[in-house]
1. Report ³J(HN,Hα) in whole Hz for each residue of region 86-100, in order, from the Karplus equation J = 6.51 cos²θ - 1.76 cosθ + 1.60 where θ = phi - 60°; Gly and Pro get x.
2. For Trp258, what residues show an amide H to amide H distance below 5 Å, using hydrogens built from the backbone and excluding near sequence neighbours?
3. Take Asp129 and Glu216, extend 7 Å from each Cα along the Cα→Cβ direction, and tell me the distance between the two endpoints in nm.
4. In terms of modelled amide H atoms, which long-range or inter-chain residues lie less than 5 Å from the amide H of Val27?
5. In cubic angstrom, how much convex hull volume per residue do the alpha carbon atoms of the chain span?
6. Could you please state how large a percent of the accessible area of the chain is carbon and sulfur, counting protein chains only and using a 1.4 Å probe?
7. For region 138-268, what does the accessible surface come to per residue with a 1.4 Å probe? Please give it in Å².
8. Starting from the 7 Å offset along Cα-to-Cβ, what nm value, one decimal, do you get for the label separation of Arg164 and Arg152?
Amino acid sequence: MARNEEDIIGHSVRHMLDQGLDGVIVVDNMSTDTTPAILRGLAAQDARIHVGSDTQAAFHQGGKTSYLSHLAWRAGADWVVPFDADELWFAPGMTVKEFLVGLPSAQDMVWCDFRNVYPLPEDGRIALDSGNAVQVDRSESSWFRIAFRSRRWVWVGEGNHALRDHPGIPVRGLHMLHYSYRSLVQYSRKASQGVAALEAAGKGKDVAVHWRGWEELGENERESRWLGYLSGEEGSTDGAFVRGDRVVLADPSVWRRWDPNGELQVRV
């Protein structure tokens with residue numbers, strides 16, 4: 001699902017196809033920017049891309065992702081990778097598809113760790129496909145995303161962190177760059193529309209606490225917090241934070257394999 005992601009949606013969809021996915025089902029959720037037009041253009045150019053429209057304002061990500069997973073099963077998928085528009089998934093030394101098909105048949109869930117990506121302080125924003133350098137957390141988040149073997153019905157938890165109807169333990173091995181913090185304006189808009197959708201759905205205060213916390217800040221507080229993110233003095237609430245544990249990379253959005261030069265290896 002995607003909403004107002006015009007600056008990144010084309011890149012993320014193409015990236016996941018480059019990772020070997022045989023198809024992408026992407027649904028626009030009431031975007032007011034050019035996201036729908038971009039998606040229509042992608043689908044017209046590539047038959048592997050299937051575009052739909054969602055006009056429900058309320059936040060029901062788990063239920064909607066579960067239904068999209070059912071559509072993938074109906075289309076013949078062996079695995080489902082429920083990625084967001086601001087996520088670039090990778091595998092070490094191979095494509096995501098090669099990693100998944102190489103797993104033993106008994107393994108039916110995989111965790112994907114992620115690292116947040118931030119602009120350089122002097123830039124203040126990330127422009128995908130610009131070739132500009134960015135900052136990336138060296139340490140992985142304490143949260144994970146999940147991919148899983150396709151089956152007729154599945155219950156994906158909110159945030160794509162786990163399956164709520166499966167007791168098994170996922171294997172680790174996939175990695176993701178999380179481009180949630182692309183600019184102050186973009187992130188503030190994302191948090192505001194996210195909180196509005198949560199309230200419309202009657203979600204509890206424990207869901208998307210990073211959006212709720214940001215929405216409660218005043219304008220000056222947001223600017224201060226944003227500068228703290230970019231300087232490395234503060235970390236977002238959606239993952240682990242180690243002060244200053246960042247590395248500057250020359251546009252990792254062009255990677256085809258995870259950390260090809262070993263720049264994100266955690267120092268001991």
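1. Listing the rounded values in order: 9, 10, 10, 8, 9, 10, x, x, 7, 7, 4, 4, 4, 5, 5 Hz.
2. Here the answer is Ala91, Gly93, Met94, since their amide H atoms fall under 5 Å of that of Trp258.
3. 3.9 nm
4. Long-range HN contacts for Val27: Ala2, Gly52.
5. Cα-based convex hull of the chain, divided per residue, equals 132 Å³.
6. About 52 percent, which is the carbon plus sulfur part of the accessible surface.
7. So region 138-268 comes to 51 Å² accessible per residue, rounded to a whole number.
8. With each label placed 7 Å out from Cα toward Cβ, I get 2.1 nm.
The values are calculated or read from the model by the stated rules, or taken from the named source; none is laboratory data. Being a predicted model, the structure only gives us computed values, none of them experimental. No Cβ is skipped: glycine too gets one built from the backbone with ideal geometry, and neighbour counts run over all protein chains shown. Only protein heavy atoms, including side chains, enter the accessible area calculation; ligands, DNA and RNA are left aside. Shrake-Rupley method; radii C 1.70, N 1.55, O 1.52, S 1.80 Å.
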